[in-house]
Structures are given as C-alpha cells and as structure tokens.
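Here is the structure we will look at, set down as structure tokens.
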Amino acid sequence: MDSLASVALPGLWDRLVGSQPGPDLWVVLATAGAALAMVVPHTLWRVSRNAVTIAHEGGHGLVALLTGRTLTGIRLHSDTSGLTVSRGKPYGLGMILTAASGYTAPPLLGLGGAALLAAGRVTLLLWAATALLVAMLVMIRNAYGVLTVVLAGGTFLLVSWLAGTQVQAAFAYAVVWFLLLGGVRPAFELQVKRSRGGAGDSDADQLARLTHVPAALWLFLFHAVSLCSLMGGGRWLLGV
C-alpha cells in the first residue's frame, strides 16, 4: 500500500503542476465564439449569468475572509442575483475591498485563468476551480445556491477526471473566455439600471456611501477592470 501511494502521489502532483499542450488556434477561436454566444443573446444570458453570479458572490466572500471579516453565508437566487453576508466593522478598508470585489471578481478570475492557460496549466486551472467551488459550497445557505454550485463543481470534476487532454483544454478555454466576456456585461447592466433610477443599493452605491466617492467613479472602475482583463486575457489566450 505504501509503495502504491509513493508511486501514485508523485504522479498526481506531476499531473497537477505539469504543463499540457494547448489547443489549436481554431479551437481557441471556437471557444471564444461559444462563450460570446452565451453572453450576448438575452435568453441564453439569463441562464449563463448564474456562473458569473457564482464568481461575483465568491469574490465578495473570499475578500471578506482575507480582510478578517466573518463570512456568515452566501445565497444564490434563480433570477441570477445573489447575496453575501459577512460580519465585521461596517466601514473601513476591509468593508470597501469586500464591496469592490464582486463586479471585479469574474474578469480577474478570467485573467488569472488566461495566465494559467498561457503557461499550459490546464489541469491546475480545472482543479483550482473545483477546489474554490467546493470551498464556496460550505457557505451556501439556500437550496438553489447549493444546486448551482454542485452542478458547476461536478462539471469541472468530471471533465478533469474523465475527459481527454484536448477536451479538457477546450473546456478550460471556454470557461476562461466566458469569465472574461461575461465579466464585462454586468457593469453595463448596472449602468443602465442606475440611469433608470434603479439599483439604489448596488455595490457601486454602497461603495459611494463608504468612501464618499461618487458611484459613477466606482462604476468606471468596474468597467476598467473588466475591459482591461478582457484585452489582457484575450491576448494570452490567443498567444499574441
């Protein structure tokens, strides 16, 4: 048994940190097109936006923990909205960073994923995403949220264990493209809602109250992060 473990563990580690060949350029372009098709049409976006909400609320939760706040729970709703609740001082840097991390989390995750794929770390990306989803599942506090995260985590797990190398690479590229492209649209949706007098308690408005910096400037920050991440991540994925 010990000898079997001594063989299996190094092999598992090598698989995790080793590099895998990237897909052909046509696959990279095809996955970008597939991701775009999930983001642009409103009917598909109503479903696919759930994945962006997972990243959004996960960003709030992770930064809350990193800044010393107590994360009490995350809820994901069928209308693709979400809520992350943490305890701590209702002001200060920790609260500001937590509030700012929602809209910026999906594009930044996409940027980080693009960096891993550019280095050929397909397996590492898939396993890291699975680990983050498992960690997030512990904090989910409603049935729909549990279902959504379990389906997402199960998909990553199945692909990473059962699919071939090329399928894994195509899946990973599609996911990263989706985070980069899907991370752009929510800020524009928020801008439209605010122009119509809605979303008065949005992240941008909460940040405005916390910092006395106009919500429009925070919205500009969300746009800047998402668009810069898309441009930088896109260059890495395309190898240019």
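Among residues belonging to region 88-117 that are modelled with pLDDT under 95 and at negative phi, point out the one that is surrounded by the fewest Cβ atoms within 10 Å (Cβ to Cβ).
The selected residue is Pro90.
Quick check on my filter: what residues within region 124-141 are touching a strand residue (DSSP E or B) at 6+ places or on another chain (Cβ under 6 Å) and open to solvent by 20 Å² or more (accessible area, probe 1.4 Å)?
Within region 124-141, Met139, Arg141 meet the criteria.
Can we say Thr84 is under 14 Å from Val149 (Cβ atoms), among the polar types (S, T, N, Q) and either in contact with a strand residue (DSSP E or B) (Cβ under 8 Å, 6 or more places away or on another chain) or buried (at least 20 other Cβ atoms within 10 Å of the Cβ) (or both)? Working first, answer last.
On the way: under 14 Å from Val149 (Cβ atoms): yes; among the polar types (S, T, N, Q): yes; either in contact with a strand residue (DSSP E or B) (Cβ under 8 Å, 6 or more places away or on another chain) or buried (at least 20 other Cβ atoms within 10 Å of the Cβ) (or both): yes.
In short, yes.
Which condition from (1) open to solvent by less than 50 Å² (accessible area, probe 1.4 Å); (2) out of contact with any Phe, Trp or Tyr (no Cβ under 9 Å at 6 or more places or on another chain) is the one that Leu162 breaks?
Status for Leu162: all satisfied but (1).
How many residues, within region 77-116, are within 21 Å of Leu180 (Cα to Cα) and either under 15 Å from the mean Cα position of the chain (by Cα) or polar (S, T, N, Q) (or both)?
Going through region 77-116 one residue at a time, the tally reaches 21.
Of all residues in region 142-159, count the ones that are loosely packed, with under 14 Cβ neighbours inside 10 Å and more than 11 Å from Leu76 (Cβ to Cβ).
Of the residues in that region, 3 qualify.
Condition (residue is within 15 Å of the chain's Cα centre (by Cα) and of a type in the set (Phe, Trp, Tyr)) applied to region 34-50: is it met by at least one residue?
No: region 34-50 contains no residue that is within 15 Å of the chain's Cα centre (by Cα) and of a type in the set (Phe, Trp, Tyr).
Tell me which residues, restricted to region 168-226, are without any contact (Cβ under 8 Å) to a residue 60 or more places away in the chain and of a type in the set (D, E, K, R).
If the condition is that a residue be without any contact (Cβ under 8 Å) to a residue 60 or more places away in the chain and of a type in the set (D, E, K, R), then Glu189, Lys193, Arg194, Arg196, Asp201, Asp205, Arg209 are the ones that fit.
Can you name the residue in region 69-81 that is outside any loop (DSSP other than H, G, I, E, B) and open to solvent by less than 70 Å² (accessible area, probe 1.4 Å) and, of all such residues, is nearest to Glu189 (Cα to Cα)?
Only one residue fits best here, namely Leu76.
Taking region 16-45 on its own, how many of its residues are modelled with pLDDT of 95 or more, surrounded by 15 or more Cβ atoms within 10 Å (Cβ to Cβ) and outside any helix (DSSP H, G or I)?
0
The values are calculated or read from the model by the stated rules, or taken from the named source; none is laboratory data. Because the structure is a prediction, the values reported are computed rather than measured. Neighbour counts run over all protein chains shown; Cβ positions are idealised from the backbone, glycine included. When the accessible area is computed, the model is the full protein with side chains, heavy atoms only, and any ligands, DNA or RNA have been set aside. Shrake-Rupley method; radii C 1.70, N 1.55, O 1.52, S 1.80 Å.
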